[in-house]
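Peer 1: Pasting a structure here, questions to come.
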Amino acid sequence: MVLGSDGGMACCHYWGPPLPGDTDLDALVAAAAGGITGGMLDALPPLSLVPEARRSFPGQPGLVAFQNGLPLEPDWRLDSADQGDALTLRHVAPGLRLDITIRAMDHGLIGLRARLSSDAAVTLHHLALALPVPAHLSDLTELAGRWTREFQPVTTALDHGARLRDARTGRSGHEHPPHLWLTAPGTTNTGGEVVALHYGWSGGHRMLVEALPDGRRQIQLGHCSGSERAPGTVFETAEIWLARGDRGLNSVAVPFQRAIRDALPPARRPRPVHYNGWEAIYFRHDATELAQIAERAAALGAERFVLDDGWFGRRDDDSSSLGDWTIDPRKHPQGFKPLIDKLRALNMRFGLWFEPEMINEDSDLYRAHPDWVLGPADQIRGRSQLHLDMARDDVRDHLFDLIGGILGAWDIDYVKWDHNRLTPFPDAAQTRGVYALLDRLRAAHPQVEFESCASGGGRIDAGILTRCGRVWLSDSNDAIERLRIQHHAAMLLPACVTGSHVGPRECHTSGRVLPMALRAWTAAQRHMGFEMDPRELTTAEARTLTRVTTWWKANRDWMMAGDIWRLDRPAGSLAEMQLSADGSRMVVFAAQIDAPVALQPPLLRLTGLDPQARYRLTMLEHPVGHHSSSVALSRGAVTLNGAALMAQGVALPPAFPQTIAVIEGTRL
Ligand code: DGJ
């Protein structure tokens, strides 16, 4: 806690407890925080941490709790500031303690967390850490979204009143995922000052941004309100990640990508080209067809085959069998043996879909244990399914035995873990239960890698990403939608964790038909995969896809370990570059989505390069468009130094809508 000199309202960022008379807290904490965060906190205005309801603070409090039916209004006193691996600020009030922990993370991030402990039981509405918002960071960018349209940035001016996003769906969600950016007006991908915040929790969060008439502005992050349903004596926020940069959105996006990559469970091998059969066969599992599809997928370059929904119970559509995690003998009479044998012969690995937290009323599990359902009997159904009470030990033990039994019995090294309906009410115990089950399965089956899916990208956050090495970013395989979604997700997610698939020719979620070059290069920007029925491909489409997949395999090692830098482009186009960790290699993807604004596209300015170094660029994929012989890259390789590439840029040929240019670069 950094306190203003007078400890009162006159100091515009102070809303904490009064200063103990004999302690120079400002100096104490500034020194500790400066030591621990390399001065990063000094760059922010003073921290307030948990604003109180008492002492006339007119804003939203960071702690709302009740004890013996009465509002809890602790008379906090700062007790100690201990600096170990992290700085812990302990506040005390009679019968209560509040610990705020601040740790320096790699890549210049800081992690903050609050923990409330009480001698007697407390009922919590919400506990949030609050940070003051510097006056010059007057724009707020948040993400909005929905199924098949995740990660859509929305920017508003932070002028007056409170903006609350309380994600009460039991997951970090499509609607308002837990990422925020505060920017100075005019900030772009490559220029301007920015602070990024992320809340690492998969069960729903509460984000509040508030501007008070007296000029104070706060931003609060914590679990969503009401998610601690039982009285308790210890409550903790998840960790808030914070990064600050003054060279545009990239200056926080790249550190976040690196921090996420470091947090992931270690991958044991280069990311394999993924094949997922969902949009090829849905619930129709037929041994002959599966073998044909596997053969075609392998010929295109796939190295892993994931059998999606439909293999268990008697699941012929989405109305039954969730919870019955035994192989359907009608569809797979010899279990997975024929498929696994086929995949081995094709040198492919095998992955399997589960939706462990769910139950259908039409299931043996429900008939045996109707009491295992979370929430009331008359709750609204979502996708005809109900949520299991993951806080129960017996539910988790049962799932561990069934799922673990399948993982132990068959040669499976990949699980797509899905979650397709909301919890009936917010409940942090559900998330703790999911984490516990996932951790137990991971410990018992260390060969298995997990992917987080929740109707596409509904559960993507640092909490799940310490357990899952891949996210299914969206159920949209429409390359145009996907380009936008993955471009914005790169504000947080590195390429290696972001699944991206080439879907069916006529997209199942948008009806669009897009050229294979655009579809293949879109998937090749992240962890590449296919999800169409490969038997539908024309010879020309298969040739293009094989060419791009071969390129991806040859480049994946450095791309999956590198950074994504978003480039500033005119409306209707999107571009990003991926730069290897040592800066020696790059690839630029410049997509033309709509008709271009100008006949000749503006020069493409790169970023993140060594100004003195010389780079050789070659165009790997020429966008379809009017021929322009004046563009050097269309004629052959171009060599320029980093300073020129960043200040002036390089000319691109005119491109038709729904086309992409791909440019490779090496440092000489
Ligand atoms: C939703 C997922 O996002 C899809 O990819 C697929 O796995 C279906 N569930 C299966 O029911």
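Peer 1: From the phi of every residue in segment 116-131, what ³J(HN,Hα) in whole Hz does the Karplus formula 6.51 cos²θ - 1.76 cosθ + 1.60 yield, where θ is phi - 60° and glycine or proline is x?
Peer 2: Each residue of segment 116-131 in turn: 9, 10, 9, 5, 10, 4, 10, 9, 9, 8, 7, 10, 9, 8, 10, 10 Hz.
Peer 1: Just how many % of Cα pairs in the chain lie over 31 Å apart, if you round to the nearest whole percent? Let's see the in-between values first.
Peer 2: On the way: 123168 of 222778 pairs.
Every Cα pair in the chain considered, those over 31 Å come to 55 percent.
Peer 1: Another question, if that's okay. Lys/Arg Cβ at +1, Asp/Glu Cβ at -1, dipole of segment 257-313 taken about the Cα centre: which of Ala298, Ala263, His285 is farthest positive-ward?
Peer 2: Positive-most Cα among the choices belongs to Ala263.
Peer 1: Using a simple charge model, +1 on the beta-carbon of Lys and Arg, -1 on the beta-carbon of Asp and Glu, nothing else, what dipole does segment 505-599 show about its Cα centre, in debye to the nearest 20? Mind showing how you got there, number by number?
Peer 2: Details: 12 positive and 11 negative charges, 40 e Å.
I would put it at about 200 debye.
Peer 1: Amide H of Phe350: which non-local residues (sequence gap of 5 or more, or other chain) have their own amide H closer than 5 Å, using H built in the peptide plane?
Peer 2: So Phe350 has HN proximity to Phe305, Asp413.
Peer 1: In whole percent, how big is the carbon plus sulfur part of the accessible area of the chain, probe 1.4 Å, protein atoms only?
Peer 2: On the way: 12500 of 23990 Å².
Carbon and sulfur atoms account for 52 percent of the accessible area of the chain.
Peer 1: Hey, if we sort Glu536, Glu451 by accessible area with the 1.4 Å probe, largest down, what's the order?
Peer 2: Details: Glu536 60, Glu451 0 Å².
Putting Glu536, Glu451 in descending order of accessible area: Glu536, Glu451.
Peer 1: Let me ask something else about it. About the Cα centre of segment 268-384, what is the dipole size in debye to 20, counting +1 per Lys and Arg Cβ and -1 per Asp and Glu Cβ, all else neutral?
Peer 2: On the way: 17 positive and 20 negative charges, 162 e Å.
Its charge dipole is roughly 780 debye.
Peer 1: Report, for segment 346-505, the % of DSSP beta bridges that are antiparallel, rounded to 5. Please report the intermediate quantities before stating the final value.
Peer 2: Working: 5 of 18 bridges.
Just about 30 percent of them are antiparallel.
Peer 1: Rounding to the nearest 20 debye, state how big the charge dipole of the chain is about its Cα centre with +1 on each Lys and Arg Cβ and -1 on each Asp and Glu Cβ. Display every interim value, and only then the final one.
Peer 2: Working: 68 positive and 78 negative charges, 392 e Å.
I would put it at about 1880 debye.
Peer 1: Could you pull out every one of the lysines with an alpha carbon less than 25 Å from that of Lys553, ignoring same-chain neighbours closer than 8 positions?
Peer 2: Straight-distance partners of Lys553: Lys342, Lys416.
Peer 1: Continuing with the same structure: List every residue whose amide H lies under 5 Å from the amide H of Ala128, counting only residues 5 or more places away in sequence or on a different chain, with H placed 1.01 Å from N in the peptide plane.
Peer 2: Sorted by chain and number, the residues that satisfy this are Leu63.
Peer 1: Under 5 Å between amide H atoms, partner at least 5 residues away or on a different chain: which partners does Thr188 have, H built in plane at 1.01 Å?
Peer 2: It is Leu249, by chain and number.
Peer 1: Distance between Cα centroids, segment 286-351 to segment 594-651: provide it in whole Å.
Peer 2: So the separation of the two Cα centres works out to 45 Å.
Peer 1: Same structure, new question: Got a sec? Charge dipole of segment 306-401, +1 on Cβ for Lys and Arg, -1 for Asp and Glu; which of Gln385, Val373, Pro356 is way out at the positive end?
Peer 2: The one lying farthest along the dipole's positive direction is Pro356.
Peer 1: Additional query: Highest first, please rank the peptides 623-632, 109-118 by the mean number of other Cβ atoms sitting within 10 Å of their residues.
Peer 2: Details: 623-632: 14.4, 109-118: 20.5.
Ranked from most to least packed, the peptides come out as 109-118, 623-632.
Peer 1: Right, next: When 1/r is averaged over all different Cα pairs and the result inverted, which Kirkwood radius in Å belongs to segment 75-193? Please list the in-between numbers first.
Peer 2: Values: mean 1/r = 0.0572 Å⁻¹.
By the Kirkwood definition, the hydrodynamic radius is 17.5 Å.
Peer 1: Suppose only helical runs count, i.e. DSSP H with n ≥ 4. What mean residue ellipticity at 222 nm does that imply for the chain under -39500 (n - 2.57) per run, divided by all residues and rounded to the nearest 500 deg cm²/dmol? Please list the in-between numbers first.
Peer 2: Values: 13 runs with 144 residues, N = 668.
When only DSSP H runs of four or more count, the value is -6500 deg cm²/dmol.
Peer 1: With a ≥ b ≥ c the root eigenvalues of the C-alpha gyration tensor of segment 390-485, is it rounded (a/c under 1.5), prolate (a/b larger than b/c) or oblate?
Peer 2: Values: a/c = 2.21, a/b = 1.35, b/c = 1.64.
Because a/c hits 1.5 or more and a/b fails to exceed b/c, segment 390-485 counts as oblate.
Peer 1: Here is a follow-up. With the radius of gyration and the Kirkwood radius both derived from the Cα set of segment 208-330, what is their ratio Rg to Rh? Intermediate results must be reported in sequence, preceding the final value.
Peer 2: Working: Rg = 23.7 Å, Rh = 20.4 Å.
With Rg and the Kirkwood Rh in hand, the quotient comes to 1.16.
Peer 1: Another one. Considering only protein heavy atoms, with the full assembly of protein chains and a 1.4 angstrom probe, order Glu73, Glu142 by accessible area, largest first. Each step should come with its number before you reach the end.
Peer 2: Values: Glu73 95, Glu142 5 Å².
Greatest to least solvent exposure: Glu73, Glu142.
Peer 1: Would you mind classifying segment 585-668 by shape? Square roots of the alpha carbon gyration tensor eigenvalues, ordered a ≥ b ≥ c; an a/c under 1.5 is rounded, otherwise it is prolate if a/b is larger than b/c and oblate if not. List each step's numbers first, then the result.
Peer 2: Details: a/c = 1.94, a/b = 1.79, b/c = 1.09.
Judged from the Cα gyration tensor, segment 585-668 comes out prolate (a/c at least 1.5, a/b above b/c).
Peer 1: Still on this model: Which percent, nearest 5, of DSSP beta bridges in the chain are antiparallel? Mind showing how you got there, number by number?
Peer 2: Working: 114 of 142 bridges.
Antiparallel: roughly 80 percent of the beta bridges in the chain.
Peer 1: Ranked highest first by average number of other Cβ atoms within 10 Å, how do 429-440, 636-647 line up? Please report the intermediate quantities before stating the final value.
Peer 2: Numbers: 429-440: 19.3, 636-647: 16.0.
Going by the mean number of other Cβ atoms within 10 Å, highest first, we get 429-440, 636-647.
Peer 1: Another question about this same structure. Placing +1 on the Cβ of each Lys and Arg and -1 on the Cβ of each Asp and Glu in the chain, which of Thr550, His274, Pro534 has its Cα farthest towards the positive end of the resulting dipole?
Peer 2: Farthest towards the positive pole: Thr550.
Peer 1: Here is a further query. Distance between the C-alpha centers of segment 389-406 and segment 114-181? Whole Å please.
Peer 2: So the separation of the two Cα centres works out to 32 Å.
Peer 1: Then there is this: If you count only protein heavy atoms and use a 1.4 Å probe, how large is the accessible surface of Tyr366, to the nearest 10 Å²?
Peer 2: Accessible area of Tyr366: about 60 Å².
The values are calculated or read from the model by the stated rules, or taken from the named source; none is laboratory data. Predicted model, so just to flag it, every value in this text is computed and none were measured. For neighbour counting, all protein chains shown are included, and Cβ atoms are generated from backbone atoms with ideal geometry for every residue, glycine included. To get the accessible areas, we keep the full protein, side chains included, count just its heavy atoms, and leave off ligands, DNA and RNA. Shrake-Rupley method; radii C 1.70, N 1.55, O 1.52, S 1.80 Å.
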